Amino acid sequence: ANVSTPTAKRITTMFAQLARRAVRPAATAAARRQFADAAPAAGLMKLNFNLPQETLYDAVNVKSVVVPGATGEYEVTADHVPIVAEMKAGMLTINHEDGEEEKYFVAGGFSLTHEGSTTDIVCPEAVKLDDIDAAAVTKNFEAAKAKAASAEAGSIEAAEAMIEVETNKAMGNALGLAMA
Amino acid sequence: MTTPTTFWRLAGVSYVQYVTKATSCLRAALKEPAKSKAMTQETFSYNKSVWSNGEQGAKKLTDSLAAVGK
């Protein structure tokens with residue numbers, strides 16, 4: 001096309017701009033689609049398990065996760081309904097693709113299951129049962145019970161002692177000790 | 001605000017304080033070497049500096065928050 005005359009140049013530029021504007025939304029839509037996370041394999045769910053100091057699992061496909069929810073323990077599998085739960089001190093079990101079962105003791109935190117079989121688990125600390133000292137748990141449990149009994153009811157000291165009692169009791173139960 | 005139902009909330013302890021305390025309990029009951037590694041997460045310190053005329057004074061290491069206001 002002859003774009004030497006000013007009018008022709010203006011018209012060509014207008015067409016170019018219109019064409020670019022028509023293409024841009026489609027291009028950005030395609031680009032946006034590219035940013036979507038890949039769906040986990042059929043029958044598996046994607047797990048993100050993070051501590052503040054360390055990432056334990058980043059977008060790993062697993063069969064299921066058993067979460068120690070504060071209002072009850074539940075297992076998350078592929079296509080689970082979205083759910084957000086606070087976790088209580090207890091055992092978190094990951095059932096891997098190859099059938100292996102991995103257990104962590106968590107002190108608290110949250111588990112968020114999203115649409116599309118992705119679960120985010122965040123907690124301040126997660127340890128293997130082998131790393132917990134049973135003697136220390138029993139000792140701390142007894143000390144915490146004594147503190148809770150002697151503290152003023154409803155005070156912060158009493159609450160802190162109760163937290164210690166609860167956490168040590170959960171650790172003892174996880175280890176299979178009789179905690180009373 | 002809904003009525004608090006957990007014992008810690010009723011005593012005036014926030015969720016973050018609650019979960020931090022539970023985590024400390026967990027770390028205190030670990031075996032070596034996991035314990036030393038976990039305890040590094042617990043270390044913290046405070047710096048205190050006094051502001052005057054819109055200028056921040058020199059920062060000094062403080063032992064505890066309770067001593068800061070004095």
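The values are calculated or read from the model by the stated rules, or taken from the named source; none is laboratory data. Just so we're clear, the structure is a prediction, and the values are computed from it rather than from any experiment. For neighbour counting, all protein chains shown are included, and Cβ atoms are generated from backbone atoms with ideal geometry for every residue, glycine included. Note: areas computed on protein heavy atoms with side chains; ligands, DNA, RNA excluded. Shrake-Rupley method; radii C 1.70, N 1.55, O 1.52, S 1.80 Å.
Peptide A:163-170 is shielded by partner chain Cβ atoms: per residue, an average of 5 of them sit within 10 Å of its Cβ.
Which value, in Å², gives the accessible area per residue of chain B when a 1.4 Å probe is used on the protein heavy atoms?
For chain B, the solvent-accessible area averages 75 Å² per residue.
Using a Gaussian network model of chain A with C-alpha springs under 10 Å, which one of A:Ser64, A:Ser150, A:Ser111 is most mobile by mean-square fluctuation? Most flexible of the set in this elastic network: A:Ser150. Rg/Rh, computed from the Cα trace of chain B with Rh as the Kirkwood radius, has the value 1.14. Convex hull volume per residue, computed on the Cα atoms of the range A:42-163, equals 118 Å³. For B:Glu55, the accessible surface of its heavy atoms amounts to roughly 120 Å² (probe 1.4 Å, protein chains only, rounded to the nearest 10). Counting only other chain Cβ atoms within 10 Å of each residue's Cβ, the peptide A:121-128 averages 4. Hey, which of these cross-link pairs are over 26 Å Cα-Cα: B:Lys31/B:Lys59; B:Lys35/B:Lys59; A:Lys139/B:Lys48; A:Lys88/A:Lys139? Long pairs (Cα-Cα over 26 Å): B:Lys31/B:Lys59; B:Lys35/B:Lys59; A:Lys139/B:Lys48. Once both labels are positioned 7 Å from their Cα atoms along Cα-to-Cβ, the gap between B:Thr6 and A:Asp120 label points is 1.9 nm. Chain A packed on chain B takes about 2200 Å² of accessible surface away from a 1.4 Å probe, both sides summed. The Cβ shell under 11 Å around A:Lys147 holds other residues with a net charge of -3, Lys and Arg each +1, Asp and Glu each -1.
Per-residue surface analysis assigns A:Ile83 an accessible area of about 60 Å², computed on protein heavy atoms at 1.4 Å probe radius. Rounded to whole Å, the principal axis extents of the Cα atoms in the range A:106-180 read 50, 31, 18, largest first.
With Rh defined as the Kirkwood radius, the inverse of the mean 1/r over Cα pairs, the Rg/Rh of the protein assembly as shown is 1.21.
Ligands, DNA and RNA left out, the 1.4 Å accessible surface of the range A:47-109 is 45% carbon and sulfur atoms. When only alpha carbons are used to place a centre, the range B:35-70 and the range A:142-178 end up 30 Å from one another. The 1.4 Å probe gives accessible areas that order A:Met162, A:Met45, largest first, as A:Met162, A:Met45.
Averaged over the residues of peptide B:29-36, the number of Cβ atoms from other protein chains lying within 10 Å of each residue's Cβ is 6. Compute the Cα gyration tensor for the range B:2-42, then decide on rounded, prolate or oblate, letting a ≥ b ≥ c be the square roots of its eigenvalues: rounded whenever a/c is under 1.5, prolate when a/b is larger than b/c in the other cases, and oblate in all that remain. Prolate. In the assembled protein chains, A:Arg20 presents an accessible area of approximately 130 Å² (probe radius 1.4 Å).
Surface exposure of the range A:56-180, expressed per residue as accessible area with a 1.4 Å probe, stands at 47 Å².
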